[in-house]
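Encoded as structure tokens, the structure appears first; notes follow it.
Readers should treat all values here as calculations from the given coordinates under stated rules, not as data from a laboratory. Small disclaimer: the values here were computed from a predicted structure and weren't measured. Cβ sites come from the backbone with ideal geometry, for glycine too, and all protein chains shown count toward neighbours.
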Amino acid sequence: MSFLDYAPAPESTALLNLRPEYGLFIDGEFTDGHGESFATISPATEKPIARVASADASDIDRAVAAARKAYEKRWSTLSGRDRGKYLFRIARLVQERARELAVAESLDNGKPIKESRDVDVPLVAAWFFYYAGWADKLDHAGLGANPRALGVAGQVIPWNFPLLMLAWKIAPALAAGNTVVLKPAETTPLTALLFAEIVQQAGLPAGVVNIVTGAGETGRALVNHTDVNKVAFTGSTAVGREIARAVAGTGKRLTLELGGKAANIVFDDAPIDQAIEGIVNGIFFNQGHVCCAGSRLLVQESIHDEVVDRLKARLSTLRVGDPLDKNTDVGAINSAEQLERIRTLSEIGEAEGAERWSPACEFPENGFWFAPTIFTNVATSHRIAREEIFGPVLSVLTFRTPAEAIAKANNTPYGLSAGIWSEKGSRILAVADKLRAGVVWANTFNRFDPASPFGGYKESGFGREGGRHGLAAYLEGGVR
Amino acid sequence: MSTHLSVPKTYKLFVGGAFPRSESGRVYEVTTPKGGFLANAAQASRKDARDAVVAARAAVSGWAGATAYNRGQVLYRVAEVLEGRRAQFEEEIAAQQGVSGAVARAQVDEAIDLWVWYAGWADKFAQVAGNANPVAGPYFNISVPEPTGVVAVVAPQQSALLGLVATVAPALVAGNTVVVVASEAHPLSAITLGEVLATSDLPKGVVNVLTGSPAEIAPWLASHDDVNALDLTGAGELEWIDLEIAAAQTLKRVLRPLAGADAVAPSLSRITALTETKTVWHPKSLL
């Protein structure tokens, strides 16, 4: 160890007080599931953390019935002010238990503690705080006077931001007066179950929030349940399509937040230091397990070599390893399955002729790891330029004119996000206008805020989460 | 005094600003409710639907890129030209639907007023549907609605003109372009409206009108990769669930069937349902 190396600085797991087994959270209580329970493991060590129940169709029936009863008997009769107070309570409880939630999230998901501690969990609290204030102000949401709630919402969330996606789903749904049944991802159920405890501590009426764990079959049973009025899903475009088909003709309202292949466009007049940081943050934040990740770097030809050299230098300083270490920049890949997908697509990238580069990394003995990777010499036809890799892999393409940059950026069935780097304001605004993407970050990337609507164009889905727009997904008179 | 022998109109499709016959060469008889012959309307085919989508796609950048003020003026111009040709619309509606002159007149009145109402929204709806966002950091952050792109519409089938206008006009406000399948039984007003649109400074391809069987044409539009949204307002009598399922393949935005007065009521949500919200961030101070 040289004086430039960091000593290990692991966050303590002592404040975690996990149970060996978790049931389903239905009607305010933890109960057994009728499916086969499964272990949730730490992707950094492959060691089991806890066993988790699996909900079958009968459990989904119970959960939806509890949510329906809570909606009709209790939640829909409460004033908006009181609904809001419950949400404020939740926001405060999340803040109080923030460190515990961050540690649990990093343990279960593999993301660096500095991200779960400084990004995920603070945003979770902010999301509940923001929507709490809307609960008694729905008349002002732009959907007419007294907009009505939809009823029971079935919500299915992914593993990349487990607790944050829960907050994105539950906070607006409850503020608007709905009750929910939420299914966390199979590989990351832990923080949703801790959240169930928070729901108990907040004294939320039983059945308003129900958490059902399980795999795809559990999610399918929830989405297809006839007594669900609204389906909200975040995940892959393939599953999104399946859900859109399943919901067709049922009258259920649907919002989908799906995949992406965002272009991060760097013009030759960009502030280079900030751009390098932004590119790194854009694709290596959360191991690239981000639907809005800036996975396609479009760099103006004249500065290509400089940008790539500086990126390589910067990547060489990233610390890959123990998610619980406070100095870690890139944590573990969430699952063996995801690691396999990243490996496969990266190998295809090489086979198709792109040039692969990664810094030297030392990985822990166990766990799922993938070094931050840059592909240069990438053509728009390459699979690594078209398909969502959902890992720490950046494809670098070039352009000569703004028109070419825009055409390449839009040349994808996705349309979730995009980045623009330039010091010229008029150019930023003109390019932002022409990008077919729901979120455009100019001279920044991967910023999120409960006040700011987020969601896709085209095959990245429809509906918005966050802001006033996010309420429309859970109210009559709202769009879709 | 000589008597004038009338010159009946050939009703064709309205695609890309032109009035082609169906490439299939097919026509179908349009009659009064009592069965009297009115005209042979073009019976559009799958190929016609695809041509219409191509025309609509080509028109998106120009129409979406026009200023909101300009779009508003064009839509208002449609109302002006429609007003000037109201006699023809009244006559056609009365003949097709078998209603009195007064009823036909009321339908034209309502259609004209809808164009005026929607024209006025063009440079306003973004102020209502978009907003600045007070994020917790030094960022400029704004959300604005943008057009979804190409919208395929199955027009309400009961009325000859009103349902068509009630679905097409709101789609145009934000800058979308439209392929609309007209009322099968009453298609003549749709083609005459095409003549109005063609002379109202609406760029070619912004609205494309197909006549024929919605049951035959709609599935091709629902599954078309280059259609962004599917308005099924008038599809209640069709196998519309299959259409919604087909639309899922490309994750189209779908407006489900709607009947009665709701289907033709002026509605801001008809405009916003066919938009996408774009949120733009920029640092205020960190650079």
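Structure above, values below:
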| read-out | value |
| --- | --- |
| Amide H within-cut-off set for B:V30, under 5 Å, with H built and near neighbours excluded | B:L38, B:A39, B:N40, B:A41 |
| Nonlocal amide H pairs with A:E29, under 5 Å, H built at 1.01 Å | none |
| Inter-chain shielding of A:464-475 (mean C-beta neighbours from other protein chains, 10 Å cut-off) | 3 |
| Computed E for A:R245/A:T317 - FRET, C-beta separation, R0 60 angstrom, nearest 0.05 | 0.85 |
| Separation between Cα centres of the stretch A:257-275 and the stretch B:219-287, rounded to whole Å | 29 Å |
| Inter-chain shielding of A:435-445 (mean C-beta neighbours from other protein chains, 10 Å cut-off) | 5 |
| Fully extended contour minus Cα-Cα distance, from A:R51 to A:E355, at 0.36 nm per residue | 105.2 nm |
| For the stretch B:190-198, Karplus couplings with θ = phi - 60° (6.51, -1.76, 1.60), whole Hz, Gly/Pro x | 5, 6, 5, 5, x, 5, 5, 5, 5 |
| Mean-position separation - Cα centroids, the stretch B:10-65 and the stretch A:1-56, in angstrom | 61 Å |
| Residue-span extension gain [A:E337 to A:S37] - 0.36 nm each, minus C-alpha spacing | 106.1 nm |
| Surface/4 estimate of mean projected area, convex hull on alpha-carbon atoms of the protein assembly as shown, nm² | 34.9 nm² |
| Residues B:Y69, A:Y130 arranged by fewest to most Cβ contacts within 10 Å | B:Y69, A:Y130 |
| B:D226 paired with B:E80, simple spin-label distance in nm, labels 7 Å along Cα-to-beta-carbon | 3.3 nm |
| Highest-first arrangement of B:171-177, A:131-137, where packing means the average Cβ count within 10 Å | B:171-177, A:131-137 |
| Positive minus negative residues near B:L251 (Lys, Arg vs Asp, Glu; Cβ under 9 Å) | +3 |
| The stretch B:118-241: translational diffusion in µm²/s, Stokes-Einstein, Kirkwood Rh over Cα pairs, 20 °C, 1.002 mPa s | 136 µm²/s |
| Anchor B:K284: aspartates and glutamates whose Cα lies under 20 Å away (excluding residues fewer than 8 positions away in-chain) | A:D269, A:D273, A:E277, A:E423, A:D433, A:D449 |
| Stretch gain in nm, segment B:A259-B:T32, where the contour uses 0.36 nm per residue and the Cα spacing is subtracted | 79.4 nm |
| Backbone HN-Hα couplings from phi across the stretch B:247-254 [Karplus 6.51/-1.76/1.60, Hz, Gly and Pro as x] | 5, 5, 4, 10, 6, 5, 6, 10 |
| Whichever lysines have a C-alpha closer than 19 Å to that of B:K12, once near sequence neighbours (fewer than 8 apart) are set aside | B:K47, B:K204 |
| A:I272 versus A:T13: modelled label distance in nm, points set 7 Å from Cα along the beta carbon direction | 4.4 nm |
| Listed pairs A:K85/A:K230; A:K169/A:K230; A:K252/B:K252; A:K73/A:K252 exceeding 19 Å between Cα atoms | A:K85/A:K230; A:K73/A:K252 |
| Rg over Rh, two decimals, the stretch B:27-283 (C-alpha only, Kirkwood Rh) | 0.99 |
| Overall dimensions of the stretch A:263-442 as given by Cα atoms, namely Rg and Dmax in Å | 15.7, 51 |
| Peptide A:248-256 - average C-beta neighbours from other chains (10 Å radius) | 3 |
| Fluctuation leader among B:T148, B:T32, B:T211 - chain B, Gaussian network, Cα springs under 10 angstrom | B:T32 |
| Alpha carbon centroid spacing (whole Å) that separates the stretch A:420-450 from the stretch A:358-400 | 23 Å |
| FRET efficiency, A:T344 to B:A136 (Cβ-Cβ, R0 51 Å, nearest 0.05) | 0.85 |
| Ranked packing of A:16-27, B:85-96, most packed first, by mean Cβ within 10 Å | B:85-96, A:16-27 |
| Most mobile of B:G194, B:G260, B:G98 in a GNM of chain B (Cα contacts under 10 Å) | B:G260 |
